[in-house]
1. Those residues that are under 17 Å from residue 229 (Cα atoms) and touching a helix residue (DSSP H, G or I) at 6+ places or on another chain (Cβ under 6 Å), I need them from the range 160-178; list them, please.
2. Might you check whether a residue that is basic (Lys, Arg), surrounded by 17 or more Cβ atoms within 10 Å (Cβ to Cβ), in contact (Cβ under 8 Å) with a residue 60 or more places away in the chain and not assigned by TED's automatic domain parsing to the domain that holds residue 165 occurs anywhere in the range 5-19?
3. Could you list, in sequence order, all residues of the range 95-111 that are exposed (fewer than 15 other Cβ atoms within 10 Å of the Cβ) and either under 22 Å from residue 170 (Cα atoms) or free of Cβ contacts under 8 Å to residues at least 24 places away in the same chain (or both)?
4. Residue by residue through the range 112-127, note down the ones that are open to solvent by 50 Å² or more (accessible area, probe 1.4 Å) and over 30 Å from residue 146 (Cβ atoms).
5. Quick one: in the range 76-94, of everything that is farther than 27 Å from residue 10 by Cα and surrounded by fewer than 16 Cβ atoms within 10 Å (Cβ to Cβ), which residue is nearest to the chain's Cα centre (by Cα)?
6. Quickly run through the range 156-189 and pick out the residues that are away from the ligand (no atom under 14 Å from the Cβ), touching a residue at least 40 places away in the same chain (Cβ under 8 Å) and not in a helix (DSSP H, G or I).
7. Could you tell me which numbered condition residue 131 fails, if it satisfies all but one of (1) touching a Leu at 6+ places or on another chain (Cβ under 8 Å); (2) open to solvent by 20 Å² or more (accessible area, probe 1.4 Å); (3) within 16 Å of the ligand (Cβ to nearest atom)?
8. Every residue in the range 272-288 that is open to solvent by 30 Å² or more (accessible area, probe 1.4 Å) and of a type in the set (A, V, I, L, M), please.
Amino acid sequence: MRLYYFKNAEDLAKAISARLGIDARQIEERDFPDGEVLVRVEPAREVALIARLYPDVNKNLVKLYLALDALTDYGAERIVLVAPYLPYARQDRRFREGEPISSKTVLSHLKLYPVTHVVTVDLHKAYISDYVGGIRFINIYPSSQFAEVLRRWNVSHVLSPDAGSLGRAEALAKALGASYDYFEKFRDRETGEIYMRPREGTSLQGKAVAIVDDILATGGTLVDACKNARMLGASAVYAAVTHCMLLGNAREKIKGCISALYCTNTIPCEYSSVDIARPLAEALASIL
Ligand code: R5P
């Protein structure tokens, strides 16, 4: 099995390669002035391809598909895609008439190639893997790594900002030996505006709590959840978010409420203290 990676995933590739004892080779990439891209691969029969698809999701998706196409043309028989963050996962269904199911659009092209597995981290909704039946997904949720960094704060309650993220809260709460619950979140699909409220009877008086989520984009969801937690009496509010984009003034918003933020390095940032190279390497080792 050959390990290939795109330049922006070099850190993960080097760490995975060291753990597995397999050489990692970089895919050649070119960005043309008109916005087009090109890649160049070395032929191999079995390939694990590490692709960091954020930022520049559209460009990186095209590079990924160009690489998969070239690898297949040159005789690849088995490809394992390691994509720690899968873009377009949030459009996992049609929210308004006339829209595509973008996650299906993006993933369904994988079926054109001999991709047997996708190794990824904290898919927005696990069921989107059904859109590419026949390809096995290994969807890592780093609850034990998040628990390791949060343990020092004596977190006694874990909250998700919506019912859809409750599974994450449950996994982290179990790892911490804490209780868990969720806030109720409503989104106006026309304006995008969000409204959040605690479930009836929730009291967080004097508790150190942790909020979990898969994505931190503008920070609006996390900060709304944080404000709700503080309003309910939480003494400290920590956050464990897998994919941190920190768009716009997210940093300022967070600093005004969150006691400490922990993210993974699926998308590297100053809060990426949870390294997912080990779980990715372990997942790869289990299928090589
Ligand atoms: C939404 O369903 C996701 O799980 C995240 O809560 C959301 O994408 C976070 O976005 P933002 O930081 O912009 O509120």
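1. Once the filter is applied, which keeps residues that are under 17 Å from residue 229 (Cα atoms) and touching a helix residue (DSSP H, G or I) at 6+ places or on another chain (Cβ under 6 Å), the range 160-178 yields 160, 161.
2. No: zero hits.
3. 97, 98, 99, 100, 105
4. 112
5. 93
6. 156, 157, 158
7. For residue 131, the exception is condition (3).
8. Those that are open to solvent by 30 Å² or more (accessible area, probe 1.4 Å) and of a type in the set (A, V, I, L, M): 285, 288.
The values are calculated or read from the model by the stated rules, or taken from the named source; none is laboratory data. Treat the numbers as computed from the prediction; the structure is a model and nothing was measured. Counting neighbours? That spans all protein chains shown, and the Cβs are built from the backbone with ideal geometry, glycine included. Just so you know, the surface numbers come from the protein's heavy atoms only, side chains and all, with ligands and any DNA or RNA stripped out. Shrake-Rupley method; radii C 1.70, N 1.55, O 1.52, S 1.80 Å.
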